[in-house]
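Structure first, commentary second.
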Amino acid sequence: MATDYHDRLSNNLLLIGKRRLTGSGEQVALHYPGDGRQTRVVNMASVQDVDAALESAKAAFPIWRSLAPSARRDIMLTAAQLLVERADRLAWTAAFDTGLTYTNVRGFVLHAAEWLRYYAGWIDKASAPMVPMTPGALDYVTLEPYGIVGVISPSNSTVSAMILAPVLAAGNCVVVKPSSFTAQVVAEYLQVFLDAGMPPGVVNSVPGDGLVGEAIITNPAVRKVHFTGSCGVGAKVAALSASLLKPSALELEGKSANIVFADADLDQAASVAMRAITRQAGQSCVAGTRILVHRSVAEQVITKTIDLTCKQRIGMPLSPDSAMGPVISAAARDRIMGVIGRTRDERQGKLVLGGHVLDQDFPGGYFISPTIFRDVDNASPIAQQETFGPVISFITFETDQDAIEIANASEFGLAAYIHTGSLGRAHTVAASLEVGTIWINGAAGILPGGPFGGVKNSGWGRVGGAYGLAEFSQPKNIWMSC
């Protein structure tokens, strides 16, 4: 652990207007996932803090929306540059509180800067159509912001602009409820916007429990809600929003299929499979955790994946050399180990790598060895339920149609991966998969120019590209006699 970590931590985890504040809600003990030691006890937000944040956003909204598009664009571009300049500090904070590796999170910061730059470019270019009319009348459309958007983000969302960038580019203000694990880094992240010249109150952060999230959703000032997290909580968010006739967008769980055909580049396919385990210690909703591999090459791909995984350095979150760190909490570690234990004990698959806690190498830390099961039945819980940890399952198939049917035999539809040397097969299979995003022969990450979101139980709504701008805008039709 860094010797100066006390100097880098703050108890002021709320950002309301232009002030960093200590919350007036419940106390939460935070721990360093690398060794389990308690780092501090902090106060989260209360319902009263939510009210104050919303009042701040209400006051800022007319100022933000009335700024010239070029001024809002320049603020977003400046914020992107500040993110790059502060990448080391933000990565340190996120790694310390969440256990995600420093290198991993620093990449998130630079990725967020790209999203801000992309959507900054939309601000002074977004337009809506003229409606064809007969002479004597004019009919046109404007795109208007909702006003205040409530964003509820999960524990693996540290410095992300996938939602924030389109929300702000559309002219909205935002109140974020981050996880208690990411409260400090989110406050420091949003401070970047204030330092870039954004009016105070446009961005606010109120970390807290479910009551804080409910207070955001039910407040009449919030006109739209975006939630990222589990299906169970997402269903409650959707139901509560719907009861208030309030639109919502949901990014929920995934159990993404990674389909490897016999004509694929097997080294590349194994690399993508390995990253599903080690990147973020598997704590990613788009991780390709179901590896569907053609029976004829299954042994090769499994062997290559094991070899690659064993070469990845498991280490402390703050070490720049660590490829994989711990999971976020003791509760997460125990839950994931429960999944591994049941899968092994009930013989849902054959354990070929890992399956244990790394308590000898990292005493007190929340480290789980990279875990691989093979010969898994797609109907089993390990193949159907999101583990959200460093665990993948290998499932074999015989024909292309088998692969498609197995991939689609899931209640989730967030993402999928395809590996093949056949262009025709790639397009045919991609067209048949019931998911929102597909990567073919690689894993490029979530790019700002394309729509991202799920189908089926993985949610609804899109961020990215013009779709993201439309998600947080309302079209207004205006007819006028000439």
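Simple point charges give the picture: +1 on the Cβ of Lys and Arg, -1 on the Cβ of Asp and Glu, and for region 367-431 a dipole about the Cα centre of about 240 debye. Sorting 38-50, 406-418, 234-246 by their mean Cβ neighbour count within 10 Å, with the most densely packed peptide first, gives 406-418, 38-50, 234-246.
A value for Rg and Dmax of the Cα atoms in Å was derived from the coordinates, and within the list [x] 23.0, 81; [y] 39.4, 121; [z] 27.7, 85 it appears as [x]. Taking a Cβ cut-off of under 11 Å around Arg86, the surrounding Lys, Arg, Asp and Glu residues balance to a net charge of -2, with basic ones at +1 and acidic ones at -1.
When only the Cβ of Lys, Arg, Asp and Glu is charged (+1, +1, -1, -1), the dipole of the chain relative to its Cα centre reaches about 720 debye. Counting 0.36 nm for each residue step from Met480 to Asp88 and taking away their Cα separation leaves a gain of 135.7 nm. Can you give me the long-range amide H partners of Ala249? Hydrogens built in the peptide plane at 1.01 Å from N, cutoff under 5 Å, separation of 5 or more residues or another chain. Placed amide hydrogens put Val225, His226, Phe227 under 5 Å from Ala249.
Between Ala262 and Lys311, the simple label model (points 7 Å from Cα in the Cβ direction) yields a spacing of 2.7 nm. Note on region 337-411: dipole from Cβ charges, positive end direction compared against Gln401, Val357, Ile382; the farthest Cα belongs to Val357.
Think of the chain as a dipole: +1 on every Lys or Arg Cβ, -1 on every Asp or Glu Cβ, centred on the Cα centre; then among Gly229, Leu54, Tyr189, Leu54 lies furthest on the positive end. A straight line joining the Cα centroids of region 270-349 and region 423-458 runs 21 Å.
Take the Cα radius of gyration of region 72-155 and divide it by 2.2 N^0.38 Å, N being the number of residues; the result is 1.64. Give the shape of region 171-218 as rounded, prolate or oblate, defined through the alpha-carbon gyration tensor: a ≥ b ≥ c are the square roots of its eigenvalues, a/c under 1.5 means rounded, and otherwise the shape is prolate if a/b is larger than b/c and oblate if not. Since a/c reaches 1.5 but b/c is at least a/b, the shape of region 171-218 is classed as oblate. Can you give me the Cα centroid spacing of region 165-241 and region 38-64 in angstrom? First find each Cα centre; the distance between them is then 9 Å.
Kindly state, to the nearest 0.05, the FRET efficiency for Arg344 paired with Gln81, given R0 = 45 Å and r defined as their beta-carbon distance. Once the sixth-power term is evaluated, E becomes 0.35.
When the C-alpha to C-alpha distance is required to be over 24 Å, the pairs from Lys236/Lys476; Lys58/Lys476; Lys58/Lys236; Lys58/Lys246 that qualify are Lys236/Lys476; Lys58/Lys236.
Partner aspartates and glutamates whose Cα lies under 13 Å from the Cα of Lys350, excluding those fewer than 8 positions away in the same chain, are identified as Asp375, Asp377.
Working from label points 7 Å from Cα in the Cα-to-Cβ sense, the Leu358 to Glu434 distance is 3.7 nm. Counting only DSSP beta bridges with both residues in the chain, the antiparallel share comes to about 45 percent. Do the alpha carbons of any pairs in Lys18/Lys177; Lys224/Lys255; Lys125/Lys224 sit beyond 20 Å of each other, and which pairs? Distance filter (> 20 Å) returns Lys224/Lys255; Lys125/Lys224. Report note on the peptides 250-256, 219-225: ranked by the mean count of other C-beta atoms within 10 Å, highest first, their order is 250-256, 219-225. Computed from phi, the 3J(HN,Hα) profile of region 399-413 under the Karplus parametrisation 6.51, -1.76, 1.60 (θ = phi - 60°) reads 10, 4, 5, 4, 4, 5, 5, 5, 4, 7, 7, 8, 6, 9, x Hz, with x in place of Gly and Pro.
Here, each number is a calculation from the coordinates, and none is a lab measurement. Since this is a predicted model, take the numbers as computed values, not measurements. Note that each Cβ is placed from the backbone with ideal geometry, even for glycine, and that neighbours are counted across all protein chains shown.
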